[in-house]
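J.: Pasting a structure below so you can have a look.
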Amino acid sequence: MSEEPIFSVRNLRIEYRTGAGRTVEAIRGVDFDLHANQSLALVGESGCGKSTLGLGLLRLLPRLGRVSSGEITYRHRDGETVDVLKLRSTALRRWRWGEVAMVFQGAMNSFNPVMRISDQFADTMRAHAPSGKRYSRKEIVERASEVLRSVRLEPGRVLPSYPHELSGGMRQRVLIALALLLKPQVLVLDEPTTALDLLTQRAIVDMLHTLRAELGFAMIFVSHDLPLASELADRVATMYAGRVIESGGVGDVFSTPRHPYTSGLIRAVPPVRAGSAEPESIPGAPPDLAGLPSGCAFRPRCRHAVEDCEQTDPVLELVASRADGLAHEAACLRWESIAEQEKEAVS
Ligand SMILES: Nc1ncnc2c1ncn2[C@@H]1O[C@H](COP(=O)(O)OP(=O)(O)OP(=O)(O)O)[C@@H](O)[C@H]1O
Ligand SMILES: [Mg+2]
């Protein structure tokens, strides 16, 4: 991929204070690039750090969390780059939403229940207006109507409503519309379809596909749902205990996973058709971040672990390069020797 990335994340570390002067490291050295129009899925079990990474990218960590080291560089459409970790309050507020917008995990409950949808749009637009700009009611309604139509909602019905008057699927569409309000280059979505029924999930996924084709934004989204991730992403990163342990093009990672954890996640997906292989769970549970095992963090649950895995903490290494730039990388000492067994296990 020749063009410079929009986001470059280097050796990012994020920690949470847990009381009595103790901290846990929830993100333990993450690197990735996101290019224009690319869609990256973050997958992994609960607690592996997906939301923390998303929030950290936007500098929206809760009070007890902080980026302890690393770099986040963002490139504007005109090519100018900014050091996200150095942005100060006003610049940060404009950058957020204007350039990079996020739909939070569980955000469906985060509407102000006593505010009409039109006012939620007005607030967002006013809070993120360029300096000196005062949006008129008319401008707000026009822009809000435009984005609501783009998420297939009827502005006349939605704008005067209160959140409780809308269905879950409609609320999720409104949140996506709010995120797209200021034409960001990047949309970060944390579990965009989790609380929705299957048909509504499908409608949201189809809509995100169309929106991306129409508006051309890049996307980072978190999902527990591997089939959904494979449909919506170009690239996938599997996370485990605060690190990316495998990443690559969606086709490569899901058809030939090179990390036993990724193949474990794939085998745990319930079959769509009767008669397919039964899902297999991964034995054990993710490790406690405050007391990680030596060597590879996945070792205690890994059916391929050998003595070396206890000594060496593996780093991402290239397992296949691709002309389209979606290099396939995995952090497993044994990826080559277990490749055949893993391929069979997921086929
Ligand atoms: N506010 C917090 N204070 C202390 N620790 C936290 C806080 N938020 C998250 N953590 C810890 O950071 C780790 C990563 O949590 P995070 O919420 O990012 O995981 P996740 O991958 O998004 O999980 P899920 O799939 O359940 O949403 C977990 O071990 C969690 O306990
Ligand atoms: Mg989360």
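The values are calculated or read from the model by the stated rules, or taken from the named source; none is laboratory data. All values reported here derive from a predicted model rather than from experimental measurement. In this analysis, Cβ positions are derived from the backbone assuming ideal geometry, glycine residues included, and neighbour counts consider all displayed protein chains. Each accessible area value is taken on the protein alone, full model and side chains, heavy atoms only, with ligands, DNA and RNA left out. Shrake-Rupley method; radii C 1.70, N 1.55, O 1.52, S 1.80 Å.
J.: Can we say residue 86 is within 30 Å of residue 162 (Cα to Cα) and open to solvent by 60 Å² or more (accessible area, probe 1.4 Å)? Lay out the reasoning, then the answer.
T.: Working: within 30 Å of residue 162 (Cα to Cα): no; open to solvent by 60 Å² or more (accessible area, probe 1.4 Å): yes.
Judged against the criteria, residue 86 is not a match.
J.: Answer yes or no as to whether residue 25 is open to solvent by 30 Å² or more (accessible area, probe 1.4 Å) and part of a loop (DSSP other than H, G, I, E, B).
T.: No.
J.: Hey, another quick one. Please find, among 19, 49, 44, the residue that is surrounded by fewer than 17 Cβ atoms within 10 Å (Cβ to Cβ), out of contact with any Pro (no Cβ under 7 Å at 6 or more places or on another chain) and either free of Cβ contacts under 8 Å to residues at least 40 places away in the same chain or not hydrophobic (A, V, I, L, M, F, W, C) (or both).
T.: 19
J.: Can I ask one more? Against the conditions (1) at pLDDT below 90; (2) buried (at least 22 other Cβ atoms within 10 Å of the Cβ), where does residue 168 fall short? Just the number, please.
T.: Here residue 168 meets the rest and fails (2).
J.: Please enumerate the residues belonging to segment 208-224 that are touching a residue at least 12 places away in the same chain (Cβ under 8 Å) and either surrounded by fewer than 18 Cβ atoms within 10 Å (Cβ to Cβ) or not assigned by TED's automatic domain parsing to the domain that holds residue 26 (or both).
T.: If the condition is that a residue be touching a residue at least 12 places away in the same chain (Cβ under 8 Å) and either surrounded by fewer than 18 Cβ atoms within 10 Å (Cβ to Cβ) or not assigned by TED's automatic domain parsing to the domain that holds residue 26 (or both), then 209, 212, 214, 215, 216, 224 are the ones that fit.
J.: With segment 222-328 as the region, which helices (runs of 4 or more DSSP H) entirely inside it contain at least 2 residues that are in contact with a Ser or Thr (Cβ under 7 Å, 6 or more places away or on another chain), polar (S, T, N, Q) and at positive phi?
T.: So the answer is none; nothing clears 2.
J.: Which ones in segment 129-151 are in contact with a helix residue (DSSP H, G or I) (Cβ under 6 Å, 6 or more places away or on another chain) and surrounded by fewer than 19 Cβ atoms within 10 Å (Cβ to Cβ)?
T.: 135
J.: Sticking with this one: Among the residues of segment 155-165, which ones are in contact with a helix residue (DSSP H, G or I) (Cβ under 7 Å, 6 or more places away or on another chain) and surrounded by fewer than 19 Cβ atoms within 10 Å (Cβ to Cβ)?
T.: 160, 161
J.: Okay, next question. Run down 77, 96 and say which single residue is over 17 Å from residue 191 (Cβ atoms), in a loop (DSSP other than H, G, I, E, B), open to solvent by 20 Å² or more (accessible area, probe 1.4 Å) and more than 15 Å from ligand 1 (Cβ to nearest atom). Lay out the reasoning, then the answer.
T.: Values: 96 fails: in a loop (DSSP other than H, G, I, E, B).
Residue meeting the stated conditions: 77.
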